[in-house]
Amino acid sequence: MAKAASSLTFSTSLPKLCRPFSISITQPPQVSLNSKKLSCSISSAFKISRRTVTTTKASSMASSGITTVDQNNRKVVEVFVTEEELAVSLAKYTADLSDKFAKERGSFTVVVSGGSLIKSLRKLVEAPYVDSIDWSKWHVFWVDERVVPKDHPDSNYKLAFDGFLSKVPIPSGNVYAINDALSAEGAADDYETCLKHLVHTGVINKSSVSGFPKFDLMLVGMGPDGHVASLFPGHPLLKENQKWVTHITDSPKPPPGRITFTFPVINSSSYIALVVCGAGKASVVQTALRKSQNSDVFPVQMVSPEGELKWFLDKDAASKL
């Protein structure tokens, strides 16, 4: 591997298990990662700071993970050898932001999605975080929801409740589920009314840039087709720029009736953690993070928050980088 000018820094901000390399870049590096070896092609324009200086062997890099930082676009891409290491890092990232906003604002507004994201939050309900986080400051929302009863297997609320919310002492009044007795359109309008009330009362910040609600942290996943929330490739809702919350009745993925945040709301966030695991999503990750011959624009490529975007990838999702 060609050497680049480097400076060494030390950090103990992450557990030793998943302490990554940190790479400050002006454009994305070419990264190839598998279970036995990780190799990087890094141009001389990159500045590398290694958080461990014992070795630069590819095998050590694979065990430590790799981080790239695009300082111009405030984008961080972090790759982990295992989903377990990813979950450990995601828990610390979330807990640190919880502490930051609880101290600064007296509340912490968190938006979650469905799918495998909830599984990746499992470390938050374990020591040390389950006892150290001030859960009373949390306010929980959904970036999208299926318009089904809350006990239905397709419900994102049920998924989050079973895997996360039922295991932490967040006040029930701070958990904002949709009104599933309404139609998709009615549920979307009702949820937007709820958000506007919480902005008015100061629970949710309002972006001085966009005028849309500014959530502290969004924890979201990505589908194999590159969709985020319930914003699907080629769908007219990708261009919605007035509503905070809208509805969809023709979702290409069942169930068809859903509500979803719009991109202006998503992109007004202070922090977004985009969690992607699995080889089935590697091609979309490649297109989103590297120059590609694929001219399609995936919804995930439209995620561009006012604050920081951090990708959490396992090695399979990053296998084509």
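So, of the residues in the stretch 193-209 that are in a loop (DSSP other than H, G, I, E, B) and open to solvent by less than 10 Å² (accessible area, probe 1.4 Å), which turns out to be farthest from residue 93 (Cα to Cα)?
The qualifying residue farthest from residue 93 (Cα to Cα) is 207.
Kindly provide the set of residues from the stretch 140-157 that are of a type in the set (Ser, Thr, Tyr) and in a loop (DSSP other than H, G, I, E, B), ordered by number.
Result: 155, single match.
For every residue, the table says whether it meets (1) without any contact (Cβ under 8 Å) to a residue 12 or more places away in the chain; (2) acidic (Asp, Glu); (3) assigned to a loop (DSSP other than H, G, I, E, B).
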{"position": "191", "(1), (2), (3)": "no, no, no"}
{"position": "211", "(1), (2), (3)": "yes, no, yes"}
{"position": "226", "(1), (2), (3)": "no, no, yes"}
{"position": "243", "(1), (2), (3)": "no, no, yes"}
{"position": "246", "(1), (2), (3)": "no, no, no"}
{"position": "251", "(1), (2), (3)": "no, no, yes"}
{"position": "260", "(1), (2), (3)": "no, no, no"}
{"position": "268", "(1), (2), (3)": "no, no, yes"}
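What is the number of the single condition among (1) surrounded by 15 or more Cβ atoms within 10 Å (Cβ to Cβ); (2) farther than 15 Å from residue 255 by Cα; (3) of a type in the set (D, E, K, R) that residue 126 does not meet?
All conditions pass for residue 126, except number (1).
Yes/no matrix, rows are residues, columns are (1) open to solvent by 30 Å² or more (accessible area, probe 1.4 Å); (2) outside the structural domain of residue 108 (by TED's automatic domain parsing):
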residue	(1), (2)
250	yes, no
257	no, no
262	no, no
266	no, no
280	yes, no
300	no, no
320	yes, yes
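What tally of residues in the stretch 125-139 results from selecting those that are in a helix (DSSP H, G or I) and either closer than 18 Å to residue 90 by Cα or outside the structural domain of residue 214 (by TED's automatic domain parsing) (or both)?
So the count comes out to 6.
For the stretch 160-182, check the following and say yes or no: at least one residue is part of a helix (DSSP H, G or I), open to solvent by less than 60 Å² (accessible area, probe 1.4 Å), free of Cβ contacts under 8 Å to residues at least 12 places away in the same chain and over 18 Å from residue 215 (Cα atoms).
No, the stretch 160-182 contains no residue that is part of a helix (DSSP H, G or I), open to solvent by less than 60 Å² (accessible area, probe 1.4 Å), free of Cβ contacts under 8 Å to residues at least 12 places away in the same chain and over 18 Å from residue 215 (Cα atoms).
Please go through the stretch 65-120 and give me each residue that is among the charged types (D, E, K, R) and either out of contact with any strand residue (DSSP E or B) (no Cβ under 7 Å at 6 or more places or on another chain) or within 24 Å of residue 170 (Cα to Cα) (or both), ordered by number.
84, 85, 92, 96, 99, 100, 103, 104, 105, 119
Quick test of your reading of the structure: residue 215 fulfils all but one of (1) touching a Pro at 6+ places or on another chain (Cβ under 9 Å); (2) farther than 16 Å from residue 301 by Cα. Name the failing condition by number.
(1)
Since residue 102 meets every condition but one in (1) in a helix (DSSP H, G or I); (2) more than 27 Å from residue 205 (Cβ to Cβ), which condition does it not meet?
(2)
Does residue 134 meet the test of being more than 17 Å from the chain's Cα centre (by Cα), closer than 21 Å to residue 179 by Cβ and open to solvent by 50 Å² or more (accessible area, probe 1.4 Å)?
No; evaluated as a whole, the condition is false for this residue.
Yes or no, residue by residue, for (1) over 18 Å from residue 243 (Cα atoms); (2) out of contact with any helix residue (DSSP H, G or I) (no Cβ under 9 Å at 6 or more places or on another chain):
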{"position": "133", "(1), (2)": "yes, no"}
{"position": "184", "(1), (2)": "no, yes"}
{"position": "188", "(1), (2)": "no, yes"}
{"position": "206", "(1), (2)": "no, no"}
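How many residues does the stretch 214-224 contain that are open to solvent by less than 10 Å² (accessible area, probe 1.4 Å) and assigned to a loop (DSSP other than H, G, I, E, B)?
Here the count works out to 4.
Taking into account only those residues within the stretch 270-297 that are modelled with pLDDT under 95 and in a loop (DSSP other than H, G, I, E, B), which is nearest to residue 97 (Cα to Cα)?
Taking the candidates together, the pick is 290.
Regarding residue 250, is this residue of a type in the set (Asp, Glu) and over 23 Å from residue 317 (Cβ atoms)?
Yes: the conditions hold for residue 250.
The values are calculated or read from the model by the stated rules, or taken from the named source; none is laboratory data. For clarity, every value in this text was computed on a predicted model and none was experimentally measured. All Cβ positions, glycine included, derive from the backbone under ideal geometry; neighbour counts span all protein chains shown. Side chains are part of the model used for accessible areas, which takes the heavy atoms of the whole protein and leaves out ligands, DNA and RNA. Shrake-Rupley method; radii C 1.70, N 1.55, O 1.52, S 1.80 Å.
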